[in-house]
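Since the structure comes first, as structure tokens, the remarks are kept for the end.
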Amino acid sequence: MKTKLIWLGIALLALALPVLAQQASTPAAQRAADLVRLIESGKRAEIQKYVKENYAPEFLARASVDDHLDFMLGQQDQMRGVEVLNIKETSATSVEARLKSKLTGSQVVLIVRTEANAPNRISGIGMRRARPEPGTQPTKKLTEAEMAKELDTFVQKLADADLFSGTVLLAKDGKTIYQKAVGIANKDFNAPNKIDTKFNLGSMNKMFTAVAIAQLVERGKLSFDDPLSKFLPDFPDKESAEKIKIKQILTHTAGLGGYFSQKFQEASRDRFRTVDDMMKLAKEEKILFEPGSRWQYSNTGFLVLGAVIEKVSGQTYYDFVRENIYKPAGMINSDCYELDRVNTNLAVGYEKEFTENGIQFRNNIFMHVLRGGPQGGGYSTVEDLLKFDVALRSGKLLGKEYVKLLLSPKPELKSPDYGYGFQVDTENQIAGHGGGFPGINSNLDMFLGNGFTAVVMSNYGRGASPVSDKMRELVLSGQPAQVSNR
């Protein structure tokens, strides 16, 4: 059914929200207006009362009340007030509210779903970056100097509001046109971030793992079509290992899950320093679906690829990546560091907690792994990630045909937005990867059509995403708007 535009008409006079003035015509639109009012207010007690009384039991049970509160208060913290542009009805029980941040002017879409019957409690909430509206005229193409100036203003505004702590780099054809470090790497000692500060990559290590697999394929050591049983005959069991192919693991379509279980949470981090150590956590996993039948993001899958690399190469995963990726690319500040060793210039990750006494920071030292691996958790810098992009796209790490294979989506494998270890935006010709965890948020965008590279690394959870979105906007300025129906 065609999307029907309805205007938000709730009287938010006390808050002076500049909403479009017509009566909201559905319960979902009314609920969206309620949430906007609460986000604007930032009043913890009022939000808590609303959540308890107006969220459907099933939705309320998906997370703690504190987690639901953190989402709402986090939006208020990020936007510092919102302007409601419109609300679109997407079904009889759901709407999308387009909101504009008063802090940065960025637009997001608040998605609200409700029960079909009275009292039409909220059954789901989501937030995503706003896509261009149909008919949007492309903005003028910016010069590199204009991009740098606008990006610097944006980054500084976020830093001044204590919403971003980290490093940013924008480059064209391998040459940096903007870089900046803001915020604090270690709050205990008030140590500032620098351009060469090392930040946790989160899941971005998956790119290195995929490149390592492709290098072994290029050298004739294995094939993308090989069954997992050729290397790990009994994982997760004999029958599944024979069905799973290497290319399915690379595209998250193998049916494997995530090994960060309750067992991991209760165990000493000191026990998990090698790929073999980490594989012990995954040994009890069962296949989740028939390999190749659908897509589901899998940390276990890339951990398994690390074990395959070790089996085929005869080296540890860490040594193989150092010698075959970091060293030829010139990445001198990247590795999976053991965090109980002395490691210079590593940023500590921080997560905001929205308490009754205001915002407090908690570090992630006891939340994360002691050492990263094939699935994620290593460290790097914005400069090293630019070197990685240059080395990859120039053919220094792999032949051009293999690079293209990694950076292309695989719809034939039920993976339309993911290649071999790389996230792919075909509409805007962008490949790369992001990473996130409490106190961790980083992203690399390689613009395949125009030679730009955009890197952002943050030691605040969710800190990098607004900057990454802004760099995409700047790099793609002047190009026809790409509108997705998804």
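Just so it is clear, none of the values below were taken in a lab; they were calculated from the coordinates. These numbers come from a predicted model, not from an experiment. Glycine also receives a Cβ, built like all others from the backbone with ideal geometry; neighbour counts cover every protein chain displayed.
Pick out, in residue order, every one of the trypsin sites (Lys or Arg not before Pro) in the stretch 382-445 that is DSSP loop and has at most 10 other C-beta atoms within 10 Å; say none if there are none.
Qualifying residues, ordered by number: none.
Within the stretch 340-395, report the chymotrypsin sites (Phe, Trp or Tyr not before Pro) that DSSP leaves as loop and that have at most 12 other Cβ atoms within 10 Å.
Answer by residue number: PHE366.
Label ASP277 and LYS187 with points 7 Å out from Cα along Cα→Cβ: what is the distance between them in nm?
2.8 nm
Over the Cα atoms of the stretch 373-486, what Rg and Dmax result, in angstrom?
Every Cα atom of the stretch 373-486 included, Rg and Dmax give 14.3, 40 Å.
What is the antiparallel percent of DSSP beta bridges lying wholly in the chain, to the nearest 5? Don't skip to the answer; put the middle values down first.
Working: 71 of 74 bridges.
Bridges in the chain that DSSP calls antiparallel: roughly 95 percent.
Fewest to most neighbouring Cβ within 10 Å: what's the order for TYR420, TYR178?
On the way: TYR420 28, TYR178 21.
Listing TYR420, TYR178 from fewest to most nearby Cβ atoms yields TYR178, TYR420.
Just the Cα atoms of the stretch 199-475: what Rg and Dmax do they give in Å?
Taking only Cα atoms of the stretch 199-475, I get Rg and Dmax of 18.1, 60 Å.
Excluding THR355 itself, what net charge comes from residues whose Cβ is under 13 Å from its Cβ, given Lys and Arg +1 and Asp and Glu -1?
Residues close to THR355 contribute a combined charge of -3.
Tell me the angle of helix 44-54 to the major Cα principal axis of the chain, expressed in degrees between 0 and 90 and rounded to the nearest ten.
90 degrees
Test of understanding: ordering ILE325, ILE287 by Cβ neighbours within 10 Å, fewest first, what list do you get?
By the 10 Å Cβ count, ascending: ILE287, ILE325.
What spacing in nm lies between the two simple spin-label points modelled at LYS414 and ASP173, each 7 Å away from Cα in the Cβ direction?
It is 4.4 nm.
Pairs of Cα atoms under 8 Å, at least six residues apart: use those to get the relative contact order of the chain, whole percent.
Values: 992 pairs, mean separation 81.0, N = 486.
Relative contact order for the chain comes out at 17 percent.
Treating only the Cα positions of the stretch 339-395 as identical point scatterers, give the base-10 log of I(q)/I(0) from the Debye formula at each q in 0.21, 0.25, 0.26 Å⁻¹.
-0.96, -1.08, -1.11
Have a look at ALA329, GLN248, SER477 and report the one farthest towards the positive end of the charge dipole of the chain, computed about the Cα centre with Cβ charges (Lys/Arg +1, Asp/Glu -1).
Value: SER477.
Report, in whole Å, the centroid distance computed from the Cα atoms of the stretch 137-173 and the stretch 323-356.
Taking the Cα centre of each part, the stretch 137-173 and the stretch 323-356 sit 24 Å apart.
Tell me the net charge near LYS414. Cut-off is 14 Å between Cβ atoms, LYS414 excluded, with +1 for each Lys or Arg and -1 for each Asp or Glu. Write down the numbers at each step before the final one.
On the way: positive: LYS245, LYS247, ARG294, LYS410; negative: GLU290, GLU412, ASP417.
Local charge sum for LYS414: +1.
Using alpha carbons only, how many angstrom separate the centre of the stretch 179-222 from the centre of the stretch 416-463?
12 Å
Full-extension gain between LEU288 and LYS396, please, as 0.36 nm times their residue separation minus the C-alpha to C-alpha distance.
Value of the extension gain: 35.2 nm.
So for VAL403, VAL382, fewest C-beta neighbours within 10 Å to most, what's the order?
By the 10 Å Cβ count, ascending: VAL403, VAL382.
Quick one: in the stretch 54-139, what % of C-alpha pairs are over 16 Å apart?
60 percent
How about the stretch 379-486: which GluC sites (Glu not before Pro) there are in a DSSP loop, with at most 16 other Cβ atoms within 10 Å of their Cβ?
Here the sparse-neighbourhood loop sites are GLU427.
Around TRP295, under 11 Å between beta carbons, what's the net of Lys plus Arg minus Asp minus Glu among the other residues?
It works out to a net charge of +2.
Return the distance in nm (one decimal) between the two label points of a simple spin-label model at GLN429 and LYS43, each offset 7 Å from Cα along Cα→Cβ.
The answer from the label model is 5.2 nm.
Along the principal axes of its C-alpha atoms, what lengths does the chain span, in descending order and rounded to whole Å?
68, 52, 47
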